[in-house]
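Student: After the structure tokens below, expect a handful of questions from me.
Each reported figure results from applying straightforward, stated rules to the coordinates on display, with no laboratory input. In this text the structure is predicted, and so the values were computed from the model without any measurement. Backbone-built Cβ (ideal geometry, glycine too); neighbour counts: all protein chains shown.
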Amino acid sequence: MEGHSVYVPKSGFTKWLEARLPIISLTHSSAVAYPVPRNLNYFWTFGAILTMMLVVQIVTGVVLAMHYVPNAKLAFASVEAIMRDVNFGWLLRYMHANGASMFFIAVYIHIFRGMYYGSYKAPREVLWILGVIIFLLMMATAFMGYVLPWGQMSFWGATVITNLFSAFDEIIPGVGTWIVTLLWGGFAVDNPTLNRFFALHYLLPFMLAGVVGLHIWALHHVGQNNPTGVEVKNICKDTVPFTPYATVKDAVGVVFFLILFAWFLFYIPNFMGHADNYIEANPSVTPAHIVPEWYFLPFYAILRAIPSKLGGVLAMFSAVLILAFLPWLDTSKVRSGNYRPVFRVFFWLFVAACVVLGWLGAKPAEGGYTLAAQILTVFYFSYFLIILPLLGLFETPRQLPGSIAEAVLAKKAKRAAPADASVNG
Amino acid sequence: MKLTKLLTAGVFTVVLGALSAPAQASEAGPTPPSVNWSFSGPFGKFDPQQLQRGFKVYREVCAACHSLKYVTFRNLAEPGGPLFTAGQVKALAAEYKVQDGPNDAGEMFERPGRPADHWPSPFPNDNAAAAANGGKAPPDLSLMAKARTYERGFPTFVFDMFTQFAEQGPDYIHALLTGYVEKPKDFNLPDGGTYNKYFPGHVIAMPKPINDGQVDYKGPDGKPQAPETVDQYAKDVAAFLMWTAEPKMEARKALGFRAIIFLILLAGLTYFAKKRIWKKLPDPA
Ligand code: HEM
């Protein structure tokens, strides 16, 4: 996208450098001059929040790795040594563990934001799919990270989840078992599993960072969507330069998010964890309930809602992968949910369904819970496969503003003359 | 607009209904009563006197069966803990024999404990511990206060985020130690088990470990510093175990307070900076 200004090197050194590696002008065009729609709300600060969280995870993770011992006999004790004997080790470890949760809170808000404002529609399909890949990598990273402290839930969570792959034996005999043996590095979750998970847990965040780079590149190529869903028509009227406008607004979002992070980190650091993970892994004692981390619960509920193992596994993976097809499943010409009265209702029903599925994922899979999970699973998939394709054809959207600038001016005029006081009555 | 609102309200009601209706997990015991802990909440601190009493209970009673392997003698003198003096800790450690070696002759030997040593375990390994306790090894207690919990249920667990309730563990330990009540008549108790009201399944391999008056709480003046009752012992040892599980809690909450004050100030500044910058933005004309 064309920017608000162009960087011109002035000093001898910057001229010399620009002629060889135009890194200053790249930074200038993507972080200073880059045009940002002027009507973005605070939901658009979650990209910056996510970038910060990735940095937090990598920095705390690398320091933790200096003290952590990836060995089934020593891992649990090494994490305790970090908590007790390493200077500020408790801070690092709680930052990393709660940081993972915060990362997911932010990514879920970010994804729902995209789904509400139709940010996945042309020309942002690739940007969206890169986002889905990031989400997958995050899930893989967090799953393997959770195995590292080698507590009871680490061990049994790893056992249950890796075992799922054996379901593929039903499609091609032997393939499932082969995958499981490969993941385990043996015939059960044990020291080799811990070693490869540690290696991968160290590797994946850097791959993640690479995909984040592509994601931002794609974003800067097509430009941001905005609450009206109307494309930028005139850079001068519809957009503002990234710096200072978006920079300072992102900073506000980041600082408020840090307050939430600090609340959990310093006061209730174990709220989102499991008590069982403070018991060292023991292959001969199975915990009463094996529950994954909260951010996997909706998918776990879908897994258990399906009576057949293979069916459950396929449903669970489809529940994530279906996101990648969203750009083609939603047939509406209008992007933003603000102008789609019927879509809006279904969207919020969908959000509620995800929350309730998450809660069901933590409950034992029996009786009424299973039935509720089954109904919501059907709704989850219907949202993508039936509701969105049909809505686009039958819904009458509201009148769209002519441009972003027009929408901004209309909003201003309304604020200046607050005529209708009964709006919220 | 009206329709949307009505539907949204409908969704909310359904969600809330779905969340609150189903019953609790089946085999869990009754909910432990909430104890009023000195260390709860954002400004909560351990009471060193209570930790010292709890340590006494652990040492004189529980240590016969339970290890405390992540705790070192020197921890007992560190800030935010029971605050024994360095001298007391040194003397205490010296009372224990610790295996060390091999020496120059290649032999293991025993020496008096030092402050940096970990708390000596009562059994050489889990199998020995189980063999001596009717087949069930007494678990290590270092992390017990974080390794046990009970279900708070909806909506309580949501409120807990705001009230910062995080004391399920010590509540449970206190309940467990005071939960050795008469078994219901129709309850079938297997051999070697004891009935406990709060233990999941109610059959515990730990016989009632402590009775009224068992641990001496007398101070230098010859008067008890706290009631010598099971209830008080249970509270004290639970508080002590919370400290062994989370020895940096006071430092954490103190740093948290400063961090949050700083972040709130920073949030205010950034927010007003943002307001100012955006105010100067001319209308799109
Ligand atoms: C995408 C970013 C990352 C996520 C979402 C993530 C997630 C996690 C999670 C959920 C845990 C378990 C925490 C616990 O309950 O104790 C963990 C542990 C760990 N992670 Fe990461 N991690 C990330 C990046 C990294 C990086 C870059 C490293 C550095 C090499 C790293 C090193 C570790 C180590 C050493 C542990 C074990 C120590 C512990 O359990 O606290 N992580 N990670």
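Student: How big is the stretch A:221-318 along each principal axis, measuring the range of its Cα positions in Å and listing the largest first?
Tutor: Sorted largest first, the three principal extents are 66, 40, 20 Å.
Student: Let me ask something else. Using only Cα atoms and rounding to the nearest 10 degrees, what angle (0 to 90) does helix A:404-416 make with the longest principal axis of chain A?
Tutor: 80
Student: Between B:Asn188, B:Asn103, B:Asn211, where does the largest GNM mean-square fluctuation fall for chain B, given springs only between Cα atoms within less than 10 Å?
Tutor: Result for chain B, Cα springs under 10 Å: B:Asn103 fluctuates most.
Student: Could you tell me which of rounded, prolate or oblate describes chain A, using a ≥ b ≥ c as the square roots of the eigenvalues of the alpha-carbon gyration tensor, with rounded for a/c under 1.5 and, failing that, prolate when a/b is larger than b/c and oblate otherwise? The partial results should precede the final answer.
Tutor: Working: a/c = 1.94, a/b = 1.34, b/c = 1.45.
It is oblate, given that a/c is not under 1.5 and a/b is not larger than b/c.
Student: Roughly speaking, what is the stretch gain from A:Asp85 to A:Val351, that is 0.36 nm per residue apart minus the C-alpha to C-alpha distance, in nm to one decimal? Could the numbers behind the result be given before it?
Tutor: On the way: separation 266, 0.36 × 266 = 95.76 nm, distance 4.29 nm.
Here the segment from A:Asp85 to A:Val351 would lengthen by 91.5 nm.
Student: May I pose another question? Can you compute the FRET efficiency between B:Phe257 and A:Ile172 using 1/(1 + (r/R0)^6), with r the Cβ-Cβ distance and R0 = 56 Å? Round to the nearest 0.05.
Tutor: Working: r = 58 Å, r/R0 = 1.03.
Once the sixth-power term is evaluated, E becomes 0.45.
Student: Please compute the modelled spin-label separation between B:Ala226 and B:Ile264, points set 7 Å along Cα→Cβ, answer in nm with one decimal.
Tutor: The modelled label-to-label distance comes out at 3.2 nm.
Student: Moving on. Among B:Arg59, A:Arg415, B:Arg252, which comes first, second and so on when ranked by fewest other beta-carbon atoms within 10 Å?
Tutor: Details: B:Arg59 15, A:Arg415 8, B:Arg252 19.
Result, fewest neighbours first: A:Arg415, B:Arg59, B:Arg252.
Student: Can I ask one more? What does a probe at A:Trp328 reach in the stretch A:101-137, counting residues whose amide N is under 14 Å from the point 7 Å along Cα→Cβ?
Tutor: A:122, A:125-126, A:129
Student: Now for a separate question. Please determine, in degrees from 0 to 90 and to the nearest 10, the orientation of helix A:75-84 with respect to the longest principal axis defined by the Cα atoms of chain A, where the helix direction is its Cα long axis.
Tutor: Taking Cα atoms only, the helix is inclined about 60 degrees.
Student: Another question, if that's okay. Which of the listed residues, B:Phe39, B:Ala137, B:Gly222, is farthest toward the dipole's positive end in chain B, when Lys, Arg count +1 and Asp, Glu count -1 at the beta-carbon?
Tutor: Among B:Phe39, B:Ala137, B:Gly222, the one farthest towards the positive end of the dipole of chain B is B:Phe39.
Student: What shape does the stretch A:1-58 have by the C-alpha gyration tensor, where a ≥ b ≥ c are the square roots of the eigenvalues, rounded means a/c under 1.5, and otherwise prolate means a/b greater than b/c and oblate the rest?
Tutor: Values: a/c = 4.11, a/b = 1.61, b/c = 2.55.
Taking the square roots of the gyration eigenvalues as a ≥ b ≥ c, the stretch A:1-58 is oblate.
Student: Same structure again: Hey, with R₀ at 35 Å, roughly what FRET efficiency would A:Leu260 and A:Leu409 work out to, going by the Cβ-Cβ distance, to 0.05? Don't jump to the answer; show the numbers that get you there.
Tutor: Details: r = 34 Å, r/R0 = 0.97.
Once rounded, the FRET efficiency stands at 0.55.
Student: Hey, what's the per residue convex hull volume over the C-alpha atoms of the stretch A:14-160, in cubic angstrom? Don't skip to the answer; put the middle values down first.
Tutor: Working: hull volume 26.4 nm³, N = 147.
Convex hull volume per residue, Cα atoms: 180 Å³.
Student: For the stretch A:34-424, what's the relative contact order in percent, using C-alpha pairs closer than 8 Å and at least 6 residues apart? Could the numbers behind the result be given before it?
Tutor: Details: 472 pairs, mean separation 95.2, N = 391.
It comes to 24 percent, rounded to a whole number.
Student: Averaging sequence separations of C-alpha pairs under 8 Å and six or more residues apart, then dividing by the length of the stretch A:158-239, give the relative contact order as a whole percent.
Tutor: Working: 38 pairs, mean separation 11.7, N = 82.
Value for the stretch A:158-239: 14 percent.
Student: Treat every Asp and Glu Cβ in the protein assembly as shown as -1 and every Lys and Arg Cβ as +1, leave all other atoms uncharged, and give the resulting dipole magnitude about the Cα centre to the nearest 20 debye.
Tutor: Values: 58 positive and 47 negative charges, 641 e Å.
It comes to approximately 3080 debye.
Student: About its Cα centre, how strong a charge dipole does the stretch A:245-340 have in debye, to the nearest 20, once Lys and Arg get +1 and Asp and Glu get -1 at the Cβ? Mind showing how you got there, number by number?
Tutor: Working: 6 positive and 5 negative charges, 109 e Å.
Charge dipole, the stretch A:245-340, about its Cα centre: 520 debye, nearest 20.
Student: Hey, another quick one. Just how far, in whole angstrom, is the stretch A:148-214 from the stretch A:1-37 if you go by their alpha carbon centroids?
Tutor: Comparing the Cα centres of the stretch A:1-37 and the stretch A:148-214, I get a distance of 43 Å.
Student: Let me ask you something else. Separation between the B:Asp104 and B:Phe43 pseudo-spin-labels, each 7 Å from Cα along Cα→Cβ, expressed in nm?
Tutor: Reported label-point gap for B:Asp104 and B:Phe43 is 5.9 nm.
Student: Would you mind classifying chain B by shape? Square roots of the alpha carbon gyration tensor eigenvalues, ordered a ≥ b ≥ c; an a/c under 1.5 is rounded, otherwise it is prolate if a/b is larger than b/c and oblate if not.
Tutor: Numbers: a/c = 2.35, a/b = 1.45, b/c = 1.61.
Here chain B falls in the oblate category.
Student: Filter A:Lys73/B:Lys235; B:Lys197/B:Lys223; B:Lys253/B:Lys280; B:Lys90/B:Lys223; A:Lys333/A:Lys412 down to the pairs with a C-alpha to C-alpha distance above 30 Å, please.
Tutor: Details: A:Lys73/B:Lys235 33 Å; B:Lys197/B:Lys223 33 Å; B:Lys253/B:Lys280 41 Å; B:Lys90/B:Lys223 27 Å; A:Lys333/A:Lys412 27 Å.
Pairs exceeding 30 Å: A:Lys73/B:Lys235; B:Lys197/B:Lys223; B:Lys253/B:Lys280.
Student: Greater than 27 Å separation of Cα atoms is the criterion. Which listed pairs, A:Lys237/B:Lys279; A:Lys363/B:Lys146; A:Lys10/A:Lys233; A:Lys233/B:Lys274; A:Lys10/B:Lys274, meet it?
Tutor: Working: A:Lys237/B:Lys279 16 Å; A:Lys363/B:Lys146 21 Å; A:Lys10/A:Lys233 32 Å; A:Lys233/B:Lys274 25 Å; A:Lys10/B:Lys274 30 Å.
In this structure, A:Lys10/A:Lys233; A:Lys10/B:Lys274 lie more than 27 Å apart at Cα.
Student: Picking from B:Tyr58, A:Thr162, A:Ile49, whose Cα lies most toward the positive end of the charge dipole for the protein assembly as shown (charges on Cβ: Lys, Arg +1; Asp, Glu -1)?
Tutor: A:Ile49
Student: With angles folded into 0 to 90 degrees, how steeply does helix A:152-164 sit against the dominant principal axis of chain A? Use alpha carbons for both and round to 10.
Tutor: Between helix and principal axis, roughly 80 degrees.
Student: Moving on to the next point. Between A:Leu182 and A:Val342, what is the spin-label point distance in nm, taking each point 7 Å from the Cα along the Cα→C-beta axis?
Tutor: About 4.6 nm separates the two model spin labels.
Student: From the residues A:Val180, A:Ile58, B:Met249, which one has its Cα farthest along the dipole of the protein assembly as shown in the positive direction, the dipole being from +1 and -1 charges on Cβ of Lys/Arg and Asp/Glu about the Cα centre?
Tutor: A:Ile58
Student: Turning to a different aspect of this structure: Express the C-alpha Rg of the protein assembly as shown as a ratio against the empirical globular expectation 2.2 N^0.38 Å, rounded to two decimals. Please report the intermediate quantities before stating the final value.
Tutor: Details: Rg = 29.4 Å, N = 710, 2.2 N^0.38 = 26.7 Å.
Normalised Cα radius of gyration, the protein assembly as shown: 1.10.
Student: Can you compute the charge dipole magnitude of the stretch A:34-424 about its Cα centre, using +1 on each Lys and Arg Cβ and -1 on each Asp and Glu Cβ, nothing else charged? Give it in debye, rounded to the nearest 20. Provide the component values of the computation, followed by the final result.
Tutor: Working: 23 positive and 17 negative charges, 269 e Å.
Its charge dipole is roughly 1300 debye.
Student: What is the extension gain from A:Thr247 to A:Ile133, computed as 0.36 nm multiplied by their sequence separation minus the C-alpha to C-alpha distance, in nm to one decimal?
Tutor: On the way: separation 114, 0.36 × 114 = 41.04 nm, distance 2.60 nm.
Extending this stretch completely gives an extra 38.4 nm.
Student: Please report the relative contact order for chain B, taking Cα pairs under 8 Å with a sequence separation of at least 6, and give it as a percent rounded to a whole number. Kindly include the intermediate steps, with their values, before the conclusion.
Tutor: Values: 359 pairs, mean separation 66.7, N = 285.
Here the relative contact order equals 23 percent.
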